[in-house]
1. Tell me the Rg and the Dmax, in Å, that the Cα atoms of the range 42-171 produce.
2. List the residues, sorted by chain then number, that are 5 or more residues from H85 or on another chain and whose placed amide H is less than 5 Å from its amide H.
3. Once R0 is set to 22 Å, what does the formula 1/(1 + (r/R0)^6) return for the Cβ-Cβ distance between K192 and E240, expressed as a FRET efficiency to the nearest 0.05?
4. Could you tell me what fraction of 2.2 N^0.38 Å the Cα radius of gyration of the range 88-155 comes to, as a two-decimal ratio?
5. Counting only DSSP beta bridges with both residues in the chain, what percent are antiparallel, rounded to the nearest 5?
6. For the range 90-237, rounded, prolate or oblate, judged on the Cα gyration tensor with a ≥ b ≥ c (square roots of eigenvalues), a/c < 1.5 rounded, else prolate if a/b > b/c?
7. Let me understand the chain better: what is its radius of gyration from the alpha carbons, and its Dmax, in angstrom?
8. Please list the non-local residues whose amide H lies under 5 Å from the amide H of V113, H modeled 1.01 Å from N, same-chain partners needing a gap of 5 or more.
Amino acid sequence: RGLAAHASRSFSARAASVAVDETSGAALYEAVVVVAGGIEDDGTLPAWVLSRLDLAAAEYFRHAKARPRATPPTYVVLSGSATPHKPPPVQRGGFTYHESTAMAEYLMEKWKVPASALLKDTSSMDTIGNAYFSLMLHAAPRGWRSVLVVTSAFHMPRTRAAFEWVFGLYDGGGGGKISLAFQETPNDGLDKEVVAARAEREAASEAALRENQQRVVSMPAFAEWLYTTHMCYAVGRQHEIGAFEEMKNDPALKSY
């Protein structure tokens, strides 16, 4: 897999806060957020996740060339703990092997991206969590003004809706909104049946997300909604985690 070995599509609304490479005219970002996309029982990452990481590595080195004196030239945020749809693998010592940990290891071992440029989110268990924890753990505290979000084509519509909703609720600490751009990667390793099944689930999830977006219009209200009603984060629903019957015979399970 070469750094330029896959096609991707990008979506952006470039704002004044986005820097530009003076040589190529391409946008430069303060961070690249890679949304996690599943992990195998043995701890290996599936092909569609590797495509996301390969693109992130290419972005890191593109930024390094454009900003040779910056340390780091851009951060790479690896967003994802585990999925509620199947048990997580276990690493040394009996601890959960977070998807973001496996993603970091791949970038360091395969592409030699330095650890100092990699940031993890080990809290999120779904797409809305990817957006919220990327913002609250990394983007907001560091005062970032521009972020590129990377995920697979099958996952992009819901990812974009989630990040635009959550980041749109944040006022940038008085410094203005954070500019978002999105880049999708191929659905590598997934057959048509799985992509179709996942697309159906994605459409339903995106519709529910947009319905909630109409009601939840401030960051305090969002935090209240997330931590009191969402299955992955609400104490009142924590007993639902680990009930895998819903997904047992669903072809979409192969994409988690």
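The values are calculated or read from the model by the stated rules, or taken from the named source; none is laboratory data. If you're wondering where the values come from, they're calculated on a predicted model, not measured in any experiment. Glycine gets a Cβ as well: all are built from the backbone with ideal geometry, and neighbour counts include every protein chain shown. Just so you know, the surface numbers come from the protein's heavy atoms only, side chains and all, with ligands and any DNA or RNA stripped out. Shrake-Rupley method; radii C 1.70, N 1.55, O 1.52, S 1.80 Å.
1. Looking at the range 42-171, its Cα Rg and Dmax stand at 14.7, 43 Å.
2. none
3. For K192 and E240, the calculated efficiency is 0.10.
4. Cα Rg divided by the expected 2.2 N^0.38 Å: 1.22.
5. On the way: 7 of 27 bridges.
Antiparallel bridges make up about 25 percent of those DSSP assigns within the chain.
6. rounded
7. 17.6, 54
8. M108
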